[in-house]
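*Asks:* Supplied in structure tokens, the structure appears directly below.
Values quoted throughout were computed directly from the atomic coordinates according to the rules given, and no laboratory measurement underlies them. In this text the structure is predicted, and so the values were computed from the model without any measurement. Note that each Cβ is placed from the backbone with ideal geometry, even for glycine, and that neighbours are counted across all protein chains shown.
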Amino acid sequence: MSGHTSSYKPTTGIGNWVDARLPLPRLVHDSFVSYPVPRNLNYAYTFGGILMVMLVIQLLTGITLAMHYAASTGLAFNSVEKIMRDVNSGWLLRYMHANGASFFFIAVYFHIARGMYYGSYKAPREILWILGVIILLLMMATAFMGYVLPWGQMSFWGATVITGFFTAFPGIGEPIQQLLLGGFAVDNPTLNRFFSLHYLLPFMIAGVVILHVWALHVSGQTNPTGVEVKSKTDTLPFTPYATVKDALALAVFLLVYAYFVFYMPNFLGHADNYIPADSLKTPAHIVPEWYFLPFYAILRAITFNVGPIDSKLGGVLAMFGSIIVLFVLPWLDTSKVRSAVYRPWYKIFFWIFVANAIFLGWLGAKPAEGVYTSLAQVSTLYYFAFFLVILPVLGLVETPKRLPNSITEAVLGKSSGSGGGTLAGVAASPETRG
């Protein structure tokens with residue numbers, strides 16, 4: 001798919017002149033019109049396009065909000081209230097941006113789950129997958145720094161707790177923390193640093209997204225069967241098939257997003273962040289935004305020392321390790337079959353993993369005490385066991401179902417034993433990675 005011949009033909013003299021000097025129209029045509037995609041893609045493959053749109057929304061609303069925001073501890077909280085009350089449509093911009101972050105993470109978690117289910121991380125798409133994990137890390141850093149900017153109670157204490165993690169690392173921890181804070185405590189220099197980085201990182205995300213899409217076009221799009229494209233009959237052009245499917249999925253996603261923006265704008269936030277930051281009054285329960293809760297639960301699950309590693313350092317290592325393990329996922333999965341559709345045992349363990357991740361998110365919102373700690377430890381154990389034990393062993397002992405000979409065979413259901421007859425679908429966006 002990556003080496004398909006361009007079918008772009010300029011229809012005007014100006015078009016010919018531009019195409020000979022800067023073939024941008026040809027690039028757009030080859031990438032979004034004639035680009036061949038597997039004909040059996042389902043709606044799980046539309047989240048890449050949704051993420052592209054959400055990134056644009058976050059950039060546009062964020063740039064506009066930055067024009068009215070004051071990065072000062074004495075003015076930040078009131079500047080946000082001024083945006084809400086006095087700036088034309090400021091309330092809409094702020095709610096779009098705040099809820100947009102949550103829906104950005106919803107889409108990216110679906111996108112990652114789809115990649116894990118259909119084996120989109122396997123060769124030759126390892127770099128494509130790694131770029132996606134880098135985007136996830138940049139998103140997390142951007143979201144955390146953005147959460148600090150309103151300078152409410154949860155903003156202040158969240159920054160205090162998260163930056164305090166670095167002190168767990170002996171020797172280098174405190175210098176790193178002081179570099180982030182701009183001093184010895186969360187204060188005005190911290191807010192200035194976080195505002196600058198929060199403004200910068202989305203443009204870095206956009207840059208990595210370009211590399212991500214480029215890597216996709218080099219390796220080609222995967223599909224629910226995990227079988228590579230073998231002939232032109234296995235593919236369809238991106239337009240009109242993919243554009244219609246992506247447009248429908250995007251419309252539904254944006255309708256749900258709009259419902260939250262207009263009717264439940266504060267549902268995904270925390271009430272304490274409408275209280276100005278007070279360094280002398282600690283909230284009863286300090287919790288991050290919902291999309292960080294599974295990792296927060298993993299952090300708090302480590303309540304014991306392991307040799308020279310104390311519980312604090314162990315928790316931080318476990319939290320970061322839960323993301324770092326995604327980088328090596330392509331090499332942990334030893335199965336030669338990509339798609340979970342043809343891996344009966346992997347499918348079971350995968351859905352347990354998804355349920356476990358959601359359960360960790362629920363535990364992350366609970367107090368770190370009693371039965372919640374024990375449950376978090378069990379869930380954390382399964383999280384790491386899935387990657388480090390289940391995937392390597394399962395690939396060696398599992399007997400997969402018979403794969404179809406081609407994507408076309410799976411779509412048309414010519415082989416009753418292929419399991420491909422249920423994988424109907426036509427196309428999906430080339431922005432969907434791997």
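*Asks:* Using the Karplus curve 6.51 cos²θ - 1.76 cosθ + 1.60 with θ = phi - 60°, work out ³J(HN,Hα) for each residue of the range 403-410 in order, rounded to whole Hz, and write x for Gly and Pro.
*Replies:* 7, x, 6, 7, 5, 4, 4, 5
*Asks:* Please give the charge dipole size of the range 294-382, origin at the Cα centre, charges +1 on K and R Cβ atoms and -1 on D and E Cβ atoms. Round to the nearest 20 debye.
*Replies:* For this selection, approximately 320 debye.
*Asks:* On a 0 to 90 degree scale, rounded to 10, what angle separates helix 126-148 from the longest Cα axis of the chain?
*Replies:* 30 degrees
*Asks:* Taking Rg and Dmax of the Cα atoms in Å as the quantity of interest, determine which of (i) 23.6, 75; (ii) 23.1, 93; (iii) 21.5, 75 was computed from the displayed structure.
*Replies:* Among (i) 23.6, 75; (ii) 23.1, 93; (iii) 21.5, 75, the one derived from this structure is (i).
*Asks:* Here's something else I'd like to know. For the chain, what is the charge dipole size about the Cα centre, in debye to the nearest 20, if Lys and Arg each add +1 at the Cβ and Asp and Glu each add -1 at the Cβ? Intermediate results must be reported in sequence, preceding the final value.
*Replies:* Values: 26 positive and 19 negative charges, 235 e Å.
With Lys and Arg at +1 and Asp and Glu at -1, about 1120 debye.
*Asks:* Still on this model: Compute a Gaussian network model of the chain, connecting alpha carbons closer than 10 Å, and tell me which residue from Gly207, Gly119, Gly395 fluctuates the most.
*Replies:* The residue that fluctuates most here is Gly207.
*Asks:* Now a separate question. Which FRET efficiency, nearest 0.05, do Val161 and Asn88 yield, Cβ-Cβ r, R0 41 Å? Don't skip to the end; give the middle numbers.
*Replies:* On the way: r = 36 Å, r/R0 = 0.88.
Once rounded, the FRET efficiency stands at 0.70.
*Asks:* On a 32 Å Cα-Cα criterion, which of the cross-link pairs Lys122/Lys312; Lys9/Lys230; Lys245/Lys347; Lys245/Lys336; Lys82/Lys245; Lys232/Lys336 come out too long? Walk me through the intermediate numbers first.
*Replies:* Working: Lys122/Lys312 35 Å; Lys9/Lys230 26 Å; Lys245/Lys347 26 Å; Lys245/Lys336 30 Å; Lys82/Lys245 40 Å; Lys232/Lys336 24 Å.
Beyond 32 Å between Cα atoms: Lys122/Lys312; Lys82/Lys245.
*Asks:* Counting helices only, and only those DSSP H runs with n ≥ 4, report the 222 nm mean residue ellipticity of the chain as the sum of -39,500 (n - 2.57) divided by its residues, in deg cm²/dmol to the nearest 500. Don't jump to the answer; show the numbers that get you there.
*Replies:* Details: 17 runs with 250 residues, N = 434.
Calculated mean residue ellipticity at 222 nm is -19000 deg cm²/dmol.
*Asks:* Here's a follow-up. For the residues Asp278, Asp19, Asp272, what sequence is obtained by ranking on other C-beta atoms within 10 Å, fewest first? The partial results should precede the final answer.
*Replies:* Values: Asp278 12, Asp19 16, Asp272 19.
Ranking Asp278, Asp19, Asp272 by Cβ neighbours within 10 Å, fewest first, gives Asp278, Asp19, Asp272.
*Asks:* For the ranges 316-327, 173-184, what's the packing order if you count other beta-carbon atoms within 10 Å of each residue, average per peptide, and put the highest first?
*Replies:* On the way: 316-327: 17.0, 173-184: 14.7.
So the order, starting with the most tightly packed, is 316-327, 173-184.
*Asks:* Answer with one residue from Gly152, Ile112, Val261: the one whose Cα lies farthest towards the positive end of the charge dipole of the chain, charges on Cβ with Lys, Arg +1 and Asp, Glu -1.
*Replies:* Ile112
*Asks:* So who's got an amide H within less than 5 Å of the one on Leu236, skipping anything under 5 residues away but keeping other chains? H placed 1.01 Å off N, in plane.
*Replies:* Val37, Arg39
*Asks:* Could you order peptides 214-223, 149-158, 355-364 by the average number of other Cβ atoms within 10 Å of their residues, highest first? Write down the numbers at each step before the final one.
*Replies:* Values: 214-223: 22.1, 149-158: 24.1, 355-364: 18.9.
Sorting 214-223, 149-158, 355-364 by mean packing, highest first, produces 149-158, 214-223, 355-364.
*Asks:* I need the peptides 58-69, 125-136, 366-377 ranked by packing, meaning the mean over residues of other C-beta atoms within 10 angstrom, with the highest value on top.
*Replies:* Numbers: 58-69: 16.6, 125-136: 20.5, 366-377: 14.8.
So the peptides 58-69, 125-136, 366-377, ranked by packing, come out 125-136, 58-69, 366-377.
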